[in-house]
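First the structure, in the form of structure tokens, and then the observations on it.
Read-outs: derived from the displayed coordinates by stated rules, not from any lab. Please read all numbers here as calculations on a predicted model, not as lab measurements. All Cβ positions, glycine included, derive from the backbone under ideal geometry; neighbour counts span all protein chains shown.
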Amino acid sequence: AQTVTQSQPEMSVQEAETVTLSCTYDTSESDYYLFWYKQPPSRQMILVIRQEAYKQQNATENRFSVNFQKAAKSFSLKISDSQLGDAAMYFCAYPNDMRFGAGTRLTVKP
Amino acid sequence: DAEITQSPRHKITETGRQVTLACHQTWNHNNMFWYRQDLGHGLRLIHYSYGVHDTNKGEVSDGYSVSRSNTEDLPLTLESAASSQTSVYFCASSEVGGNPVDTEAFFGQGTRLTVV
């Protein structure tokens, strides 16, 4: 079975600063997607960003970007200029088998 | 607007009782999923379905069952509720993806189940 690992249960960042959330995964597939979801206190799940393994360029969505290292099976999420509304649980996901990591709770300090 | 709804939002039940959690989506998605969310474990897949009359076990399926009689609904049944099944349950749906799977999952608001 594929696995998705998030080794940081909690992270904290000062407002306007940058934070990176880590995710590693295991797969025998050569092509796949990876997703980051955000879950604010409302419990709603929101897709933040996605990356295809075959694309050389790291995905970017406004203040959110990824550092995808295929050989290392690493897929980290960078949030720039952090805002209070970024406070949430963040989940890394491997959609081929719909597996999620354990999540990282991000706190943003004013 | 299309949506996915879960009911009830909160439920308290007693050990040994049968419980059914409802999930209804109006996206017309073929794929539907049930997860449980527990602190330290993230989202763990319980059961999933790729279409009507199709059901499959996920990584934590023991004590749970599902049936898919139409596209819109995937009810989750706890056959005999146990305290270890106290959790927040999420239903999700997605379009049939490409190869590799690239489709976003849309989630319900969750059901908080307490087994006492």
| query | Does B:THR15 satisfy the condition of being over 15 Å from B:ARG112 (Cβ atoms) and not in a strand (DSSP E or B)? | reply | yes
| Given the residues B:SER49, B:SER61, which is the only one that is surrounded by 13 or more Cβ atoms within 10 Å (Cβ to Cβ), over 24 Å from B:VAL115 (Cα atoms), within 12 Å of the chain's Cα centre (by Cα) and within 14 Å of chain A (Cβ to nearest Cβ)? | B:SER49
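I'm checking my understanding of the structure. Among residues of the range B:28-43 that are in a strand (DSSP E or B) and within 8 Å of chain A (Cβ to nearest Cβ), which one is nearest to B:THR111 (Cα to Cα)?
B:TYR35
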| task | Could you tell me whether the range B:93-108 includes any residue that is surrounded by fewer than 19 Cβ atoms within 10 Å (Cβ to Cβ), more than 14 Å from chain A (Cβ to nearest Cβ) and in contact (Cβ under 8 Å) with a residue 40 or more places away in the chain? | result | no
| query | Where in the range A:6-110 are the strands (runs of 3 or more DSSP E), entirely inside, with at least 1 residues that are touching a residue at least 24 places away in the same chain (Cβ under 8 Å) and aliphatic (A, V, I, L, M)? | reply | A:10-14, A:19-21, A:33-39, A:46-52, A:64-69, A:74-79, A:88-94, A:104-109
| request: Out of the residues in the range A:3-16 that are away from chain B (no Cβ under 13 Å) and touching a strand residue (DSSP E or B) at 6+ places or on another chain (Cβ under 9 Å), state the one that is farthest from B:GLY40 (Cα to Cα). | output: A:GLU15
| field | Residue match in the range B:5-27 (condition: at the interface with another protein chain (Cβ under 8 Å from one of its Cβ atoms) and either crowded, with 19+ Cβ neighbours inside 10 Å or closer than 30 Å to A:LYS55 by Cβ (or both)) | value | no
| field | The lone exception for A:TYR33 - which of (1) in contact with a Lys or Arg (Cβ under 7 Å, 6 or more places away or on another chain); (2) surrounded by fewer than 19 Cβ atoms within 10 Å (Cβ to Cβ) it fails | value | (2)
| Can you name the residue in the range A:73-110 that is over 24 Å from B:ARG44 (Cα atoms) and of a type in the set (A, V, I, L, M) and, of all such residues, is surrounded by the most Cβ atoms within 10 Å (Cβ to Cβ)? | A:ILE79
